[in-house]
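Beneath this line is the structure, given in structure tokens, with notes to follow.
The values are calculated or read from the model by the stated rules, or taken from the named source; none is laboratory data. As the structure is a computational prediction, the values presented were derived from the model and not from experiment. With ideal geometry, Cβ positions are generated from the backbone for all residues, glycine too; neighbour counts draw on all protein chains shown. Calculation scope for accessible area: heavy atoms of the full protein, side chains included, ligands and nucleic acids excluded. Shrake-Rupley method; radii C 1.70, N 1.55, O 1.52, S 1.80 Å.
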Amino acid sequence: MTDGSGSPVADLRLAGLSRLARTLATARSLPELAELAAEEARFAFAGSTASVSRLEREHGLLRTLVNVGRLAEGEERFPTDEVYRVAEYPLLQAMIGHARPWTVRVDDPEADPSERALLVRLGAQSGLAAPVLFEGRVWGELFATRDSRDTPFLDVDLAFAEAFAGLVSAGLAQVEHVSRVQRLAYEDPLTGLGNRRLVVEQLERAVARHHADGAPVSLVMTDVNRLKQANDRFGHEAGDRALVAVASALSTATGRVPGAVAGRLGGDEFCAVLPGYRLDVALALAEAFLRGAADAPHGVGVAVGVASSELEGGPLTVERLFALADGAQYEAKRSGAVRPVVADPATLRAERRTYRGREPERSALEVALDAAASARSVAGRPEERLATLATVLSGECGAIGWVVSRVRDGAALPVLHAAERDGLLVAASVPVGGVGGWPGRARSHGALVAAEDEDAPLAGVRGCVAVAVAIAGDWQVELLLDSAAEAAGLPLVLRAGMAVALGW
């Protein structure tokens with residue numbers, strides 16, 4: 001059978017796209033989607049193997065979720081720890097940076113040695129990779145191989161690879177939004193790196209381990225130079241592109257160090273936490289980052305400071321390590337240094353000793369508004385923005401669950417939810433009709449509803465002691481609590497955060 005061009009190959013590919021669309025519509029989880037996509041890719045590309053991998057930007061790694069087909073010795077269908085360091089594969093770096101597919105052949109003398117070596121290890125003659133996107137950013141990779149019995153992949157296959165990966169991206173959007181809401185509590189929405197919360201928690205664990213067994217810990221901090229000038233001259237979208245380029249360089253450099261984590265602290269400040277590593281490794285990471293960041297667009301640059309536990313003679317704290325790295329970064333910026341500056345505890349500038357980590361003095365309202373603004377900047381669905389807000393506020397107030405509902409015909413119908421313990425009825429709908437009672441208070445400034453309130457059995461419905469609830473337009477958010485004693489002001493904070501998240 002042929003299509004209008006008389007090409008059986010084109011006809012087969014159209015059939016493959018149609019089959020993929022039907023198959024992915026049944027996926028209900030990420031592992032299921034990855035497996036289905038890999039199997040369909042092997043069929044559509046007539047490959048010997050196919051795999052789906054996910055990008056971990058904070059670690060600079062590509063992690064394989066599933067391999068299918070005629071696997072090489074040592075390969076597993078569902079590998080537990082098959083990862084590839086982005087820094088070691090130029091074609092992979094280019095794909096992440098430009099969202100373009102690529103092909104490679106073992107017999108191509110101009111191919112990168114690392115890519116050819118990978119094919120040899122897999123027993124393949126050629127490979128084809130296509131980026132899988134999620135909300136406009138590279139989420140991962142679809143990779144197929146052919147062995148010596150097959151015709152090698154050629155550049156003419158790239159257009160079909162993009163179309164195929166586009167359908168996988170569409171399927172990903174169906175199953176990814178719930179898990180993405182959970183990740184956003186630890187992910188910077190602009191760059192995909194870890195956010196401040198992830199950085200601080202990683203550093204706290206590393207410092208605790210240092211106190212327990214003497215394991216070293218190092219920290220690299222960087223500040224972007226000339227970002228304001230780039231924003232003023234080229235616009236804030238250009239400034240965001242520069243920040244993303246800097247983040248990609250830091251992600252790639254961090255991927256060279258197993259266990260290291262890259263994050264954005266906020267604004268133009270980034271860092272990398274190196275648990276278990278001494279100063280020399282941190283310096284090597286910083287140097288690699290500087291080389292990568294040299295290509296950042298719109299004239300921006302970076303200033304880099306490095307601190308390590310081996311530099312500090314006294315008891316090490318998270319605050320002190322932050323202050324040391326921050327002071328070194330400040331000195332690099334002040335002096336215009338083109339190399340990393342190593343922290344000197346003896347000359348740390350007193351005015352730079354502000355701990356910019358967890359910031360426990362921040363109010364719940366500040367936390368809520370920051371979380372809502374970050375969620376809004378992702379420009380995702382309203383329910384995802386509200387779920388991000390609920391996740392962050394739950395962590396701040398110790399909530400045991402949360403519910404995001406759509407208000408329709410006098411009832412709140414849950415669409416996203418999370419429960420920290422069994423017995424919480426987070427999927428049950430609740431009546432919210434009328435203008436009085438707790439629904440009226442929830443709409444105006446939020447409400448706190450206790451289980452013993454006879455006229456407001458919301459907490460009893462959920463199976464908890466109290467519920468902080470707010471309604472904004474067609475949306476309702478609930479935070480499920482074990483105690484109402486420390487919830488004063490929480491409903492108003494929740495209501496304000498919803499307004500920001502929804503763009504009011």
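Here are some notes:
- Alpha carbon centroid spacing (whole Å) that separates the stretch 60-126 from the stretch 196-225: 31
- Couplings for the stretch 325-342, taken from phi via the Karplus curve 6.51 cos²θ - 1.76 cosθ + 1.60 with θ = phi - 60°, read 5, 5, x, 5, 5, 5, 5, 4, 5, 5, 8, x, 5, 9, 10, x, 9, 8 Hz in order; Gly and Pro are left as x.
- Probe 1.4 Å, accessible area per residue of the chain, Å²: 44
- DSSP-defined beta bridges in the chain - what % are antiparallel, rounded to 5: 95
- Overall form of the stretch 99-175 per C-alpha gyration tensor (a/c, 1.5; a/b vs b/c): prolate
- Cα-based radius of gyration of the chain once divided by 2.2 N^0.38 Å, which approximates compact folds: 1.08
- Fraction of alpha-carbon pairs over 22 Å apart in the stretch 35-153 - percent: 27
- The label-point distance for residue 294 and residue 190, in a model that sets each label 7 Å from Cα toward Cβ, rounds to 2.5 nm.
- Amide H contacts of residue 475 (H built 1.01 Å from N, under 5 Å, at least 5 apart or other chain): 407
- The slack between residue 420 and residue 46, meaning 0.36 nm per residue of separation minus the straight C-alpha distance, is 130.2 nm.
- Residue 311 sits with roughly 50 Å² accessible to a 1.4 Å probe, with DNA, RNA and ligands left out of the calculation.
- Once the chain from residue 94 to residue 444 is taken as fully extended at 0.36 nm per residue, the excess over their C-alpha distance is 121.0 nm.
- Heavy atoms of residue 400 accessible to a 1.4 Å probe, total area in Å² rounded to 10: 20
- In this structure residue 445 has an accessible area near 90 Å², from a 1.4 Å probe over the protein heavy atoms.
- Prolate/oblate/rounded call for the stretch 221-295, Cα gyration tensor, a/c under 1.5 rounded: prolate
- When +1 charges are put on Lys and Arg Cβ atoms and -1 charges on Asp and Glu Cβ atoms, the dipole computed for the chain relative to its Cα centre reaches about 660 debye.
- Other residues within the sphere of radius under 12 Å centred on the Cβ of residue 255, judged by their own Cβ, net out at +1 (K and R +1, D and E -1).
- Convex hull volume per residue in cubic angstrom - Cα atoms of the stretch 199-357: 97
- Ranking of 115, 35 by solvent-accessible surface, largest first: 35, 115 (1.4 Å probe, protein heavy atoms only, all chains present).
- Amide H contacts for residue 59 (H built 1.01 Å from N in the peptide plane; partners 5 or more residues away or on another chain; cut-off under 5 Å): 262.
- FRET efficiency for the residue 337 to residue 229 pair, using the beta carbon distance and R₀ = 22 Å, is estimated at 0.70.
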